1. Calculate the all-directions average of the projected area of region 1-94's alpha-carbon convex hull, and give it in nm².
2. Distance in nm between label sites at ASP88 and THR213, each 7 Å beyond Cα in the beta-carbon direction?
3. Which one of ALA276, PRO245, MET230 is farthest out on the positive end of the charge dipole of region 213-306, using unit charges on Cβ (Lys, Arg +1; Asp, Glu -1) and the Cα centre as origin?
4. Taking only the alpha carbons of region 165-280, what extent do you get along each of the three principal axes, in Å, biggest first?
5. By how many nm would the segment from HIS36 to GLU149 grow when fully extended, if each residue of separation counts as 0.36 nm and the alpha-carbon distance is taken off?
6. For region 43-101, what number results from the quotient of the Cα radius of gyration and 2.2 N^0.38 Å?
7. How many times 2.2 N^0.38 Å is the alpha carbon radius of gyration of region 41-172?
8. Taking only DSSP H segments of four or more residues, each worth -39500 (n - 2.57), what value at 222 nm results for the chain once the sum is divided by all its residues, to the nearest 500 deg cm²/dmol?
Amino acid sequence: MTRHFLTVATLSSEQLVTLLDRADGLKADRASGRTHDELSGRSVGMIFEKPSTRTRVSFEVGLTELGAHPVVLSASELQLGRGETVEDTARVLSRYLHGLVVRTFAQARLDALASAGSIPVINALSDEAHPCQALADLQTIRERLGGLEGRRLCYLGDGNNVAHSLLEAGALVGMDVVVGHPPGYAPDPATVEHASAIAQRTGGRVGATTDPTAAATDADVLYTDVWASMGQEAEADARAASFAPYRLDHRALEVAADNALVMHCLPAHRGEEISAEAMDGPQSVVWDQAENRLHAQKALLLELLA
Ligand code: CP
Ligand code: NVA
């Protein structure tokens, strides 16, 4: 059966830790100049139906560094943008390519690509999940804190794609993940329930609350993301009023653990979801997070395509 990476929760805890170990190894190799060619002769398509800086560049560079040929496709250049179905696109591209990296809107589009095609599909962000981001986030937390199990991560803001993948990833490695969100912006209850079932097995804990102070108290990691995600631009003003108490700023830093890590998947809006002091302060690890996208995704590509 073709293996895909559409959500983090499709991994076992062991598979997730193996990916993180491999990501660390690839990071060390890159620093020491050791090169790789395991994906030589493979061509991988990258379809972007939304903008991207980190994901687009880190996948293209990562594929190149593993010896593969990336084929970058914006939706507007494909017949997909003129009404060719997702299923037909998947069938055709499966005849040329060895894998697909896809950033899109509904998760159902990824499911359709995966089931109609015959090559691995990687979710490069959907409205529901951002699993590649969560891999890099765990790699970053582990290298900074020395471990993951029992660490408390507080995500402040919208219960969105990034929050969903953090809930699942944290649950798999036995973390305590809490989402502090405004009323009406909770993470998807089915995702929380699924992550909670995983956490029961791993000794982790997941939850959600509308109390930002309670969420941030004693957190080892403070994490936030934009208030209006791609596709929600028209809601930005309405959201800003509800989200202000959930900004990652001195209030959260004061109640979190000493030297708590400050994280953001980026792009960031200083003065909105995160203060400039938090984003650019000594506890921020946002640039490591961005870098680790490269290493974590290379580990994933080797797992699915080598
Ligand atoms: N964090 C992230 O996925 O960034 P891009 O939207 O720039 O890819
Ligand atoms: N939640 C954000 C993440 C961007 C990387 C969005 O979907 O736009």
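Rule-based calculations on the coordinates, nothing more; no lab input. All values reported here derive from a predicted model rather than from experimental measurement. Cβ sites come from the backbone with ideal geometry, for glycine too, and all protein chains shown count toward neighbours.
1. One quarter of the hull surface, i.e. the mean projection, equals 7.7 nm².
2. So the two model labels end up 5.9 nm from each other.
3. It is MET230, whose Cα lies furthest towards the positive end.
4. 40, 34, 23
5. Using 0.36 nm per residue and subtracting the Cα-Cα distance, I get 37.6 nm.
6. Normalised Cα radius of gyration, region 43-101: 1.13.
7. Dividing the Cα radius of gyration by 2.2 N^0.38 Å gives 1.14.
8. When only DSSP H runs of four or more count, the value is -13500 deg cm²/dmol.
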